[in-house]
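Take a look at the structure below.
Taken together, the values in this text are just the output of simple stated rules run on the coordinates, not laboratory data. Predicted model only: the values in this text are computed from it and were never measured. Glycine gets a Cβ as well: all are built from the backbone with ideal geometry, and neighbour counts include every protein chain shown.
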Amino acid sequence: MINKKVDNVQTALQDVKDGMTFIVGGFGLCGIPENIIAELVRLNVRDITCISNNAGVDDFGLGLLLKQKQIKKMIASYVGENAEFERQMLSGEMEVELTPQGTLAEKCRAAQHGFPAVWVAAGYGTEVGEGKESREFDGKMYLLEMAYKADFSFVKAWKGDEAGNLIFKGTARNFNAPMAGAGKITIAEVEELVPAGELDPNQIHIPGIFVQRIFQGEKYEKRIEQRTVRQRV
Amino acid sequence: MLSKEQIAQRIAKELKDKFYVNLGIGIPTLVANYIPQGIEVEFQSENGILGMGPFPFEGEEDPDLINAGKQTITTMPGAVFFDSAMSFGMIRGKHVDLTILGAMEVDQNGAIASWKIPGKLVKGMGGAMDLVASAENIIVAMMHTNKQGESKVLKNCSLPLTGVNCVKKVVTNLCVMELVDGKFHLLERAPGISVEEIQAATEADLVIEGEIPEMVF
């Protein structure tokens with residue numbers, strides 16, 4: 001077993017620098033690497049290019065980096081929950097690349113799996129297609145989308161072991177799985193870190209080969225964005 | 001004219017047995033409340049769940065169990081979780097049978113505009129572009145006119161596009177239409193709505209053949 005465990009988030013992020021590109025897991029506030037984000041705020045890492053499906057809310061998730069103006073460029077598919085994001089975008093303070101959600105996931109997965117680019121139909125004929133190569137396959141048009149190149153992938157999982165293997169819970173899996181191994185170095189934070197051998201190999205979702213450092217996270221808030229219930233009849 | 005609930009109810013009649021269905025945010029989510037008797041469908045939520053269930057009871061909300069609109073949900077028996085790449089693989093690979101989504105505008109070339117009002121509403125497209133580019137069956141659920149009373153069924157969309165060559169069936173608060181060979185064909189009227197009212201609200205070319213029936217619920 002190759003041991004990927006580091007003691008804490010500070011050790012995990014010791015070589016993070018200004019100007020880097022980060023791929024960050026999560027969908028809305030679900031499955032976000034809370035400890036890593038808090039540490040990036042604490043370190044005041046600046047001029048970040050951030051690739052993540054959403055930008056958090058004003059006071060949680062990636063919104064915390066936005067508030068401190070640490071993000072130079074955001075690549076995301078939906079930023080509607082964050083008023084500060086919309087403001088920085090419309091004012092031109094921050095560069096934004098809005099990308100279809102499926103394309104974003106596949107550009108991460110392409111990086112994870114060593115493809116330089118993928119042909120995707122989504123966005124053809126829209127502003128997303130501007131400036132991109134296109135091609136017809138069987139009478140349908142596709143855009144050539146490049147795999148992401150990032151310095152770090154930051155992912156969050158439910159359980160992990162010291163070999164870096166990850167198990168996700170529910171819809172907190174989302175982008176974390178295709179993002180592990182997409183960046184040059186992948187750092188995983190988990191709610192529960194166990195010794196190698198405790199996780200059933202049949203149950204593991206992401207093999208530890210895609211993870212360079214893993215640490216036990218703490219104090220997860222796991223905020224709910226839209227608490228929605230139904231009435232008992 | 002129809003309420004949002006009634007638009008959803010009419011669209012639900014298009015669900016076929018054993019369909020996998022993706023519901024967009026807004027009016028489409030209401031379709032889940034009107035599944036016709038005797039058919040089985042499974043709802044896919046693009047953030048990574050098949051077999052999406054209803055909202056939980058109070059006190060049973062799980063932060064790790066949400067839908068694409070970031071609302072807390074539950075699961076049905078037989079549900080499964082998967083990642084976002086696989087989720088869009090299902091959509092792109094045409095394994096999802098039917099997509100229902102809202103729109104700001106549709107046009108007779110088959111284009112949909114649903115995600116951006118330049119300078120005002122730039123929240124992002126989410127999964128909409130993937131869905132309209134890939135789905136075999138798409139139903140658009142929307143109001144026939146906007147808040148200013150202008151037609152949303154156009155010759156050419158004025159707003160930034162979500163996709164091209166993707167509109168087929170459209171259900172509005174006034175009618176059901178189908179796009180065939182570059183023209184909208186009027187199929188059904190909302191109860192109490194006349195053909196003339198629908199024509200007046202439609203900027204696109206609208207084909208009216210024979211007696212147009214009222215919707216049946």
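Please give the net charge around B:P77, taking every other residue with its beta carbon less than 15 angstrom from that of B:P77, where Lys and Arg add +1 and Asp and Glu add -1. Don't skip to the end; give the middle numbers.
Numbers: positive: none; negative: B:E40, B:E42.
Net charge in that neighbourhood comes out at -2.
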Measure out, as a whole number of angstrom, how far apart the alpha-carbon centroids of segment B:170-217 and segment A:184-201 sit.
-> 57 Å
For A:K69, counting only lysines whose alpha-carbon sits under 18 Å away and dropping same-chain residues fewer than eight positions off, the answer is A:K17
Going toward the positive end of the dipole of chain A, with +1 on Lys and Arg Cβ and -1 on Asp and Glu Cβ, which of A:S77, A:Y148, A:P207 do you reach last?
-> A:P207
Tilt, helix A:101-113 to longest principal axis of chain A (alpha-carbon atoms), in degrees rounded to tens, equals 60 degrees
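Can you tell me the dipole magnitude for segment B:4-207 around its Cα centre, using point charges on the Cβ only (Lys, Arg +1; Asp, Glu -1), in Debye to the nearest 20? Working shown, then result.
On the way: 18 positive and 25 negative charges, 105 e Å.
Dipole size: approximately 500 debye.
Computed from the mean reciprocal separation of all distinct C-alpha pairs, what Kirkwood hydrodynamic radius does the protein assembly as shown have, in Å? Each step should come with its number before you reach the end.
Numbers: mean 1/r = 0.0440 Å⁻¹.
For the protein assembly as shown, the Kirkwood estimate is 22.7 Å.
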What FRET efficiency comes out for the pair B:S158/A:V229, r = Cβ-Cβ distance, R0 = 45 Å, nearest 0.05?
-> 0.70
About the Cα centre, charge dipole magnitude for the protein assembly as shown (Lys/Arg +1, Asp/Glu -1 at Cβ), debye = 580 debye
Given a cut-off of 20 Å, name the pairs among B:K94/B:K116; A:K5/B:K70; A:K132/B:K120; A:K73/B:K123 whose C-alpha atoms lie farther apart than that in the structure shown.
-> B:K94/B:K116; A:K5/B:K70; A:K132/B:K120
Using Cα positions and a limit of under 19 Å, work out the lysines in reach of B:K183, with same-chain residues fewer than 8 apart set aside.
-> B:K152, B:K155, B:K168, B:K169
Taking Lys and Arg as +1 and Asp and Glu as -1, residues besides B:Y20 with C-beta under 9 Å from its C-beta add up to -1
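For chain B, what is the calculated [θ] at 222 nm in deg cm²/dmol (nearest 500), taking -39500 (n - 2.57) for each run of four or more DSSP H residues and dividing by its residue count? The partial results should precede the final answer.
Numbers: 5 runs with 35 residues, N = 217.
After summing the helix terms and dividing by residue count, I get -4000 deg cm²/dmol.
Please give the contour-minus-distance gain from B:Q37 to B:F19: 0.36 nm per residue of separation, less the Cα-Cα distance, rounded to one decimal in nm.
Numbers: separation 18, 0.36 × 18 = 6.48 nm, distance 1.39 nm.
Value of the extension gain: 5.1 nm.
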Distance between Cα centroids, segment B:131-151 to segment A:1-52: provide it in whole Å.
-> 39 Å
Percent relative contact order for chain A, counting Cα pairs under 8 Å at least six residues apart, stands at 24 percent
Could you run the Karplus curve 6.51 cos²θ - 1.76 cosθ + 1.60 with θ = phi - 60° over segment A:46-54 and give me ³J(HN,Hα) per residue in whole Hz, x for Gly and Pro?
-> 10, 6, 7, 9, 10, 10, 7, 4, 10
So what does log10 I(q)/I(0) come out to for chain A at q = 0.10, 0.15, 0.16 Å⁻¹, using the Debye formula with one equal point on every Cα and no solvent?
-> -0.46, -0.99, -1.10
Taking 0.36 nm per residue of separation and subtracting the Cα-Cα distance, what length does fully extending A:Q14 through A:E136 add?
-> 39.3 nm
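Have a look at the DSSP beta bridges in chain A and tell me what percent are antiparallel, nearest 5. Spell out each step's value before the answer.
Details: 13 of 41 bridges.
Just about 30 percent of them are antiparallel.
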What is the list of residues in segment B:46-76 whose amide nitrogen lies under 17 Å from a point 7 angstrom out from the Cα of A:E221, following Cα to Cβ?
-> B:63-64
Residue farthest toward the positive end of the dipole of chain A, with Cβ of Lys/Arg at +1 and Asp/Glu at -1: which of A:F60, A:A110, A:A182?
-> A:F60
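How much of the calculated P(r) for chain B lies past 27 Å, in percent of all Cα pairs?
In whole percent, the share of Cα-Cα pairs in chain B beyond 27 Å is 31.
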Which of the aspartates and glutamates could be linked to A:K169 by a straight reach, that is with a Cα gap under 13 Å, when you skip same-chain ones fewer than 8 residues away?
-> A:E191, A:E192, B:D62, B:D64, B:D83
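So if we plug the beta-carbon distance of B:V216 and B:K147 into 1/(1 + (r/R0)^6) with R0 = 41 Å, what FRET efficiency do we get, rounded to 0.05?
Values: r = 29 Å, r/R0 = 0.71.
Result of the calculation: an efficiency of 0.90.
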